[in-house]
Amino acid sequence: MTVQSVGIIGAGQMGNGIAHVFALAGFDVLMTDIGQEALDKALALIDRNLERQVSRDKISAEAKKAAIGRIGTTLRLADLGQCDLVIEAATERETVKQAIFEDLVPHLKPSTILTSNTSSISITRLASRTDRPEKFMGFHFMNPVPVMQLVELIRGIATDQPTYDTLHEVVEKLGKTAASAEDFPAFIVNRILMPMINEAVYTLYEGVGNVKSIDESMKLGANHPMGPLELADFIGLDTCLAIMNVLHDGLADTKYRPCPLLTKYVEAGWLGRKTGRGFYDYRGETPVPTR
């Protein structure tokens, strides 16, 4: 199978990053979202991020211009039907993803590979709601996509070898590294990362340390580039909670119980950087701990 055209569903934080790296690697990209404003915002952000790469001599001005020229947008999901590869990068809710695939499937050409950028949801279950479980995979990029080198490739129980081989080749063309993961809740990265973040929230909840001391301890004591609470804010506390719930429900082990304080922050709408407040308050010139 040869992949040249790529459809991306969702123009948010992950979707625009995925569009960026595919266009820069020479693929034709068609991005869709539910509103024109989201698409315009994504294109402006991609342009800024490419310009940053030009200013740092990572890419040439010509490469940036060519990449922008390869990205198209549409409000019609059906327009993605003729793409060789479709990557769903919508919100981390299974019902939303299922509805998208059900709407898209009637418009797909027979050879199209379907993928989800889900960070935790069962690939086998998502695939079973389509007409091509053998051509369905988890294609999990890390955030921020242009910077992070890893892509998790997750096979569902029905995924065939040619589909896996094709996506492995695509990852190589992007200049990234593929890690193969089995289809168990949260795969590899988030299976390890999210319980650490959740434990950091418990450490805060129980008063063992405050936000600043917890993050500084992990940065200076474990050489992490970001503290776990700072990282949670970057990821989005709603996403962290969703992944912990998938782990807790899917593995039925109390060690994955989401911290009540994490739940409380999400209930308050304090979801991290994207809402201006999380474990830090981002509304001023510098982030200030909220506890």
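See the values below:
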read-out: Under 5 Å, built H, 5+ apart or other chain: amide partners of Tyr280; value: Thr290
read-out: Loop trypsin sites (Lys or Arg not before Pro), region 86-162, which have at most 16 other Cβ atoms in a 10 Å radius of their Cβ (DSSP); value: Arg93, Arg129
read-out: Folded to 0 to 90 degrees: helix 13-24 orientation relative to the chain principal axis, Cα; value: 40 degrees
read-out: 10 Å beta-carbon shell around Phe22, net charge (K/R +1, D/E -1); value: +1
read-out: Residues with amide H under 5 Å from that of Ile8, placed H, sequence gap 5 or more; value: Leu30, Met31, Thr32, Ile87
read-out: Residue-wise HN-Hα coupling along region 189-205, computed from phi with Karplus coefficients 6.51, -1.76, 1.60 (Hz; x: Gly, Pro); value: 4, 6, 4, 8, 6, 5, x, 5, 4, 4, 5, 5, 5, 4, 4, 5, 4
read-out: Prolate/oblate/rounded label for region 215-260 (Cα gyration tensor, a/c 1.5); value: prolate
read-out: Links that overshoot a 19 Å alpha carbon limit, given the list Lys41/Lys274; Lys41/Lys64; Lys109/Lys135; Lys176/Lys219; value: Lys176/Lys219
read-out: Under 5 Å, built H, 5+ apart or other chain: amide partners of Leu271; value: Arg277
read-out: Candidates per GluC sites (Glu not before Pro) in region 170-272, loop by DSSP, up to 12 other Cβ within 10 Å; value: Glu182, Glu206
read-out: Cα-projected label distance for Leu150 with His224, points at 7 Å along beta-carbon direction, nm; value: 1.4 nm
read-out: Rh by Kirkwood over Cα pairs, then Stokes-Einstein D for region 24-172 at 1.567 mPa s and 4 °C, µm²/s; value: 79 µm²/s
read-out: Principal axes of the chain: Cα extent on each, largest first, Å; value: 55, 46, 33
read-out: Phi-based couplings in Hz for region 229-236 (Karplus 6.51, -1.76, 1.60; Gly and Pro marked x); value: 7, 4, 5, 4, 4, 5, 5, x
read-out: For region 83-90, 3J(HN,Hα) per residue [Karplus equation, 6.51 cos²θ - 1.76 cosθ + 1.60, θ = phi - 60°, Hz, x = Gly/Pro]; value: 6, 6, 9, 10, 10, 8, 10, 7
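Where a number appears in this text, it was derived from the coordinates with a stated rule and is not lab data. Remember, it's a predicted structure, so these values are computed and weren't measured experimentally. Because the Cβ atoms are built from the backbone with ideal geometry, glycine has one as well, and the counts that use them run over all protein chains shown.
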